[in-house]
Amino acid sequence: EHSVGTEEVSEEVHELSPYIFAYACEYELEEFVSLIKAVMMQESGGRGDDPMQASECSYNTKYPKSPNGITDPEYSIDVGIQYLKECLELAAVKDPDDIECISLALQGYNFGTGYISWARAKYGGYSQLSAMEFSECMAKQMGWESYGDPYYVSHVLRYYNADGE
């Protein structure tokens, strides 16, 4: 369903590898370094002060919880990896090859973790249809034009190499 690993991550993402690896180790996600890089690539291309675009998640306790509220790239990586770990755990990801559950976790990273339980209950897991429906429902509920990126999973997976870097 998704084109996995068809595109390279940017030089900016590679330059942040020491931080990515350090926090991946701290949170026991060493085998998911490539996934973390793929998320970062989709979120920011490794550029800016909030490369994981993590300022709105619950793990951000130091900066405003508004878009680009984080102004420290290392802190963004720390917070983003903690949040991604929560999503991976909620989606019951078994290993780096578990694309079905990784897809559910990734969409949860983009929409918020509530999507994970919603998609499981309503559809048994991630599907493009569930992402579209959730996005439309949340946009309507919030009175917004749009909500999140319903194509986030394919946008991230194009940068993902499950075999490593």
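The values are calculated or read from the model by the stated rules, or taken from the named source; none is laboratory data. A quick note: this is a predicted structure, and the numbers were derived from the prediction, not measured. All Cβ positions, glycine included, derive from the backbone under ideal geometry; neighbour counts span all protein chains shown. Just the protein is used for accessible areas: all its heavy atoms, side chains included, with ligands, DNA and RNA removed. Shrake-Rupley method; radii C 1.70, N 1.55, O 1.52, S 1.80 Å.
When region 120-153 is filtered for residues that are in a helix (DSSP H, G or I), of a type outside the set (A, V, I, L, M) and crowded, with 18+ Cβ neighbours inside 10 Å, the ones remaining, listed by number, are S130, F134, S135, Y152. Of all residues in region 96-106, none satisfies being farther than 17 Å from V153 by Cβ, among the acidic types (D, E) and open to solvent by 10 Å² or more (accessible area, probe 1.4 Å).
Inside region 66-82, can you point out the residues that are open to solvent by 30 Å² or more (accessible area, probe 1.4 Å), at pLDDT 95 or above and within 20 Å of G148 (Cβ to Cβ)? I'd like the intermediate steps shown before the answer.
Taking region 66-82 as the starting set, the residues that turn out to be open to solvent by 30 Å² or more (accessible area, probe 1.4 Å) are 66-68, 71-74, 82.
If we keep only those that are at pLDDT 95 or above too, we end up with 71-74, 82.
Selection gives Q82 alone.
For first residues located in region 18-35 and charged (D, E, K, R), partners that are part of a loop (DSSP other than H, G, I, E, B) and lie 6+ apart or on another chain with Cβ distances below 6 Å form the pairs E31/P96.
On the stretch given as region 83-95, residues that are crowded, with 17+ Cβ neighbours inside 10 Å, out of contact with any Ser or Thr (no Cβ under 8 Å at 6 or more places or on another chain) and of a type in the set (D, E, K, R) total 1.
Residue-wise test of (1) at pLDDT 95 or above; (2) in a loop (DSSP other than H, G, I, E, B); (3) buried (at least 22 other Cβ atoms within 10 Å of the Cβ).
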{"site": "E28", "(1), (2), (3)": "yes, yes, no"}
{"site": "V33", "(1), (2), (3)": "yes, no, no"}
{"site": "E43", "(1), (2), (3)": "yes, no, yes"}
{"site": "K62", "(1), (2), (3)": "yes, yes, no"}
